[in-house]
Amino acid sequence: MTGYALTMLAAGIGIPVLAALNAGLGQRMGAPVAAGLILFVVAFCVTGIVLLLTGGVPHLAKAAGAPKHLFLAGALVAFYVLSITFVAPHFGVGNAVFFVLLGQLVSAAAIDHFGLFGAQVSPLSLARAGGIALMAAGVWLTQQV
């Protein structure tokens with residue numbers, strides 16, 4: 001469990017870094033969508049290398065039989081990358097990530113509560129809702145001057 005927590009902590013650290021770097025690239029290029037494309041080309045290459053190194057290539061054929069709605073994840077990643085690349089230079093990385101985190105808290109609570117997309121059901125209790133509200137308040141406090 002510690003390994004999972006540390007992995008996700010690293011991913012969380014990477015999200016604002018990704019936002020700042022890609023927003024900077026988009027501004028430097030004068031084309032945020034082009035910066036998004038470059039990000040995805042690099043991500044595709046890195047993912048391909050990891051797939052090769054872990055022996056996952058034979059599993060690619062299974063994607064053809066997967067429910068088509070599962071591929072929406074790729075569109076959601078593209079939406080995140082493009083929106084953060086457009087918004088962060090004008091709104092600030094911290095403000096942009098604040099709203100991303102707020103959206104993640106609400107969405108994660110709903111997914112867990114209803115077991116959406118095959119997720120393990122974890123009902124939204126009063127204590128859990130309070131914890132989410134406290135987390136949201138903490139994130140909000142970090143953005144106050």
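The values are calculated or read from the model by the stated rules, or taken from the named source; none is laboratory data. Computed from a prediction, not measured in an experiment: that's the story for all the values here. Note: ideal-geometry Cβ built from the backbone for every residue, glycine included; neighbour counts use all protein chains shown. In case anyone asks, the SASA skips ligands and DNA or RNA and just uses the protein heavy atoms, side chains included. Shrake-Rupley method; radii C 1.70, N 1.55, O 1.52, S 1.80 Å.
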Wholly within the stretch 71-145, helices (runs of 4 or more DSSP H) carrying at least 3 residues that are over 19 Å from A19 (Cβ atoms) and open to solvent by 50 Å² or more (accessible area, probe 1.4 Å): 93-114, 126-142
Criterion violated by H90 - all others in (1) under 15 Å from the mean Cα position of the chain (by Cα); (2) modelled with pLDDT under 95; (3) within 30 Å of M29 (Cβ to Cβ) satisfied: (1)
Set F71, F117: member being in contact with a His (Cβ under 9 Å, 6 or more places away or on another chain) and farther than 20 Å from G14 by Cα: F117
The stretch 108-130 residues that are β-branched (V, I, T), paired with ones that are open to solvent by 70 Å² or more (accessible area, probe 1.4 Å) (beta carbon under 8 Å, 6 or more apart): I111/F117; V121/F114
Residue in the stretch 51-60 that is touching a His at 6+ places or on another chain (Cβ under 9 Å), modelled with pLDDT of 95 or more and open to solvent by 40 Å² or more (accessible area, probe 1.4 Å) present: yes
Some residue of the stretch 34-43 being open to solvent by 60 Å² or more (accessible area, probe 1.4 Å), hydrophobic (A, V, I, L, M, F, W, C) and outside any helix (DSSP H, G or I): no
Residue pairs meeting the criteria (Cβ under 9 Å; at least 6 apart or on separate chains; first more than 13 Å from G94 (Cα to Cα), in the stretch 1-19; second at pLDDT 95 or above and not in a helix (DSSP H, G or I)): none
Cβ pairs under 7 Å, 6+ apart, first in the stretch 54-77 and of a type in the set (A, V, I, L, M, F, W, C), second open to solvent by less than 100 Å² (accessible area, probe 1.4 Å): V57/L51
Options A96, A61: the member that is farther than 29 Å from Q143 by Cα and not basic (K, R): A61
